[in-house]
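Read the structure below first, then the notes.
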Amino acid sequence: MNKQDTLRRLLTYLDPVKYLLIMAAILTIVSNVLLLYAPKLIGTAIDAIHIDDLFDMDIILRYCVILVVLYVASAIMTYILQLILIEASKRITYQLRQEVFHHLEQLPIRYFDQNQTGNIISRISYDIDTINTSLSSDILQFVTGTITVIGSFYLMITISPILSLITIVTIPIAFFMVKHRMKKVKPLFRRRTRKLGELNGYTEEMLSGNKTIKAYGQEDNIIASYELQNAATSQAYYDADYEGSIMGPTVNFINNISLSMISMFGALLFLNGGITIGAISSFVMYSRKFSGPINETANIITEIQSAVSAAERIFKLLDEPIETADHPNAIKLDDDQDISVKFQDICLGYDLDKEILHHVSFIAQSKQTIAIVGPTGAGKTTIINLLMRFYDATNGQILINDIPIDHYTRKSLRQAFSMVLQDTWLFAGSIYDNVAYANPNATKEEVIAVCKKAFIHNFIMSLPQGYDTIITDDGINISKGQKQLLTIARAMLSPSKILILDEATSNVDSQTEILIQNAMLELMKDKTCFVIAHRLSTIKNADDILVLKDGHIIENGTHQQLLMQKGFYHRLFNSQFS
């Protein structure tokens with residue numbers, strides 16, 4: 001997307017606040033017209049004072065009163081204008097953030113796997129604020145400047161066409177200078193925005209892993225690495241701001257030369273009787289009004305360049321393809337019926353040149369428990385990603401109740417699953433809200449019942465506010481084991497027919513693990529279950545165990561059958577108890 005397309009797309013966000021902007025434009029025009037009339041009055045008042053010390057006080061006082069009225073009226077309009085701009089700014093920011101966040105929620109998991117969280121947050125916060133500043137004030141300021149320039153130039157011609165020629169000569173010089181600098185400034189602002197996103201991404205990543213950093217004593221290395229990132233970002237800011245800031249002083253220098261020439265030639269005209277002192281004074285003030293917006297325009301263009309660079313990042317995000325739409329005739333998966341799953345010759349690669357799963361086939365009958373084991377990187381979690389349609393297979397077919405998985409609506413498909421993952425997720429809210437998240441219609445008695453089954457009820461009741469205790473910062477005020485027990489209780493409350501357990505007891509002690517396993521057996525009775533486990537002792541009772549290695553199912557069967565084969569599973573199992 002080129003600069004012009006980006007700007008055009010950016011301006012569409014003004015449409016919802018167009019009436020506010022029209023009001024702002026009217027106030028701006030009226031306010032500027034009033035201010036444009038002021039230098040003329042001042043010049044007339046000056047001409048009322050004669051060289052022989054005679055002056056008409058009534059005329060001077062009348063013009064002074066009119067000036068006060070003009071300035072007060074302009075100040076009131078400017079105040080109202082600021083209120084309107086604040087409201088417009090609020091609406092634009094709200095719309096942009098809402099649109100970006102809504103789009104993020106529709107993006108496939110692949111996007112979040114490939115982009116740093118901090119970089120995404122930088123787009124929602126910094127980039128949108130930059131765009132908002134430009135849309136709500138810079139563009140209107142540009143319009144205001146245009147009105148002032150045109151009005152001032154017209155009044156300058158009415159005062160002295162000869163002096164106006166000086167201004168006409170300096171305009172092309174300033175314009176050429178701005179155009180020349182723009183070519184150099186644009187890529188610098190794009191680089192500045194990109195570097196800030198990278199720095200935010202790195203910062204978020206390091207802060208989230210702070211405990212690990214401290215545990216391995218890597219503070220100095222991380223600080224040194226951050227220093228390099230920060231230096232690169234600071235340099236990008238300096239380069240963009242330095243090159244962008246040169247435009248303002250340069251244009252101002254050209255305007256000051258113009259003012260000096262006006263003063264010199266104005267004095268010569270006065271000595272020859274071609275102009276009055278008051279007219280020269282008015283002309284000088286109009287020339288300042290004329291040159292001021294041109295100088296400001298250079299600074300505004302710099303800010304607009306920054307906004308365009310930010311907009312490019314935002315629009316790049318908004319143009320990211322969302323999850324493929326449901327099949328036109330997609331049906332809803334009936335979560336009241338029993339569910340069976342078939343994988344038929346499934347292949348998947350997260351990257352086009354690297355395949356993770358190779359021709360994987362298996363069947364999970366209704367209410368069966370399927371365990372998936374294998375070394376790290378074998379593709380266990382990838383199977384879960386395919387089941388949930390976080391990714392779609394590049395080859396083969398997944399059937400649920402003998403119907404292709406993509407013939408179901410995504411929403412109904414995912415609602416058929418409940419998950420307990422190794423990486424727990426709790427949101428800021430009460431313990432009750434976190435457990436009831438899986439079933440918002442659940443009663444408090446049902447929530448308490450599943451917490452008892454998950455052996456977390458006694459801990460909850462020991463807290464001062466019990467189930468109303470607020471969890472903050474992803475559960476930082478409770479232990480990892482307790483967080484996992486809460487997510488297990490959440491899964492127990494879900495009415496779904498398919499259960500996914502990904503190392504669900506990895507953060508609890510051995511005694512609690514035994515209790516949880518008993519609760520899990522009760523939970524798993526009427527569900528089709530997929531269990532990813534590294535502790536092979538937890539899957540002895542699985543109906544079928546899939547042994548993955550390098551993306552292939554190399555063995556499958558019950559625990560006893562696999563042990564009798566004395567193959568990879570046998571070695572894997574014995575290695576844990578040798």
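The values are calculated or read from the model by the stated rules, or taken from the named source; none is laboratory data. Keep in mind that what you see is a predicted model, and the values were worked out from it rather than measured. FYI the Cβ positions are ideal-geometry reconstructions off the backbone, even for glycines, and counts take in every protein chain you see.
Hey, can you tell me all the residues within region 146-160 that are among the aliphatic types (A, V, I, L, M) and either in contact (Cβ under 8 Å) with a residue 60 or more places away in the chain or at positive phi (or both)? Ile147, Val149, Leu155, Met156, Ile159 - these are the residues of region 146-160 that are among the aliphatic types (A, V, I, L, M) and either in contact (Cβ under 8 Å) with a residue 60 or more places away in the chain or at positive phi (or both). Within the set Leu268, Leu228, Leu318, the sole residue that is touching a helix residue (DSSP H, G or I) at 6+ places or on another chain (Cβ under 7 Å) and aliphatic (A, V, I, L, M) turns out to be Leu318.
For region 345-374, how many residues meet the condition of being assigned to a strand (DSSP E or B) and surrounded by fewer than 16 Cβ atoms within 10 Å (Cβ to Cβ)?
Pass one, region 345-374, residues assigned to a strand (DSSP E or B): 345-348, 351, 354, 357-364, 369-373.
Pick out the ones that are also surrounded by fewer than 16 Cβ atoms within 10 Å (Cβ to Cβ) and you get 345, 347, 351, 354, 359, 361, 363.
Number satisfying all stated conditions: 7.
If a residue must be farther than 15 Å from Asn255 by Cα and surrounded by 16 or more Cβ atoms within 10 Å (Cβ to Cβ), how many such residues does region 146-155 contain?
Within region 146-155, the first condition is being farther than 15 Å from Asn255 by Cα, and the residues that meet it are 146-148, 150-151, 154-155.
Right, trim to surrounded by 16 or more Cβ atoms within 10 Å (Cβ to Cβ) and you get 147-148, 151, 155.
Qualifying residue count, region 146-155: 4.
Taken over region 1-15, the criterion of being surrounded by 12 or more Cβ atoms within 10 Å (Cβ to Cβ) and either among the hydrophobic types (A, V, I, L, M, F, W, C) or modelled with pLDDT of 85 or more (or both) is satisfied by Met1, Leu7, Leu10, Leu14.
Pairs are defined by a Cβ separation below 6 Å, a sequence spacing of at least 6 or placement on different chains, a first member in region 327-347 that is in the same structural domain as Ile405 (by TED's automatic domain parsing), and a second member that is in a strand (DSSP E or B) and basic (Lys, Arg); no pair meets this definition. Considering Gln116, Gln106, the condition of being in the same structural domain as Val30 (by TED's automatic domain parsing) and either of a type in the set (Lys, Arg) or touching a Gly at 6+ places or on another chain (Cβ under 6 Å) (or both) is satisfied by Gln116 alone.
Would you check which residues across region 459-479 are modelled with pLDDT under 75 and surrounded by 14 or more Cβ atoms within 10 Å (Cβ to Cβ) and list them? Working first, answer last.
Let us first name the residues in region 459-479 that are modelled with pLDDT under 75, namely 472-477.
Residue satisfying the conditions is Gly475 alone.
Just a yes or no: is a residue in region 60-83 under 21 Å from Tyr13 (Cα atoms) and either among the hydrophobic types (A, V, I, L, M, F, W, C) or crowded, with 17+ Cβ neighbours inside 10 Å (or both)? The answer is yes, given that some residue of region 60-83 is under 21 Å from Tyr13 (Cα atoms) and either among the hydrophobic types (A, V, I, L, M, F, W, C) or crowded, with 17+ Cβ neighbours inside 10 Å (or both).
If you go through region 116-131, how many residues are surrounded by fewer than 20 Cβ atoms within 10 Å (Cβ to Cβ) and under 22 Å from Glu303 (Cβ atoms)? The total comes to 4.
Taking region 547-574 as the range and being among the acidic types (Asp, Glu) and either touching a strand residue (DSSP E or B) at 6+ places or on another chain (Cβ under 7 Å) or part of a strand (DSSP E or B) (or both) as the test, only Glu555 passes.
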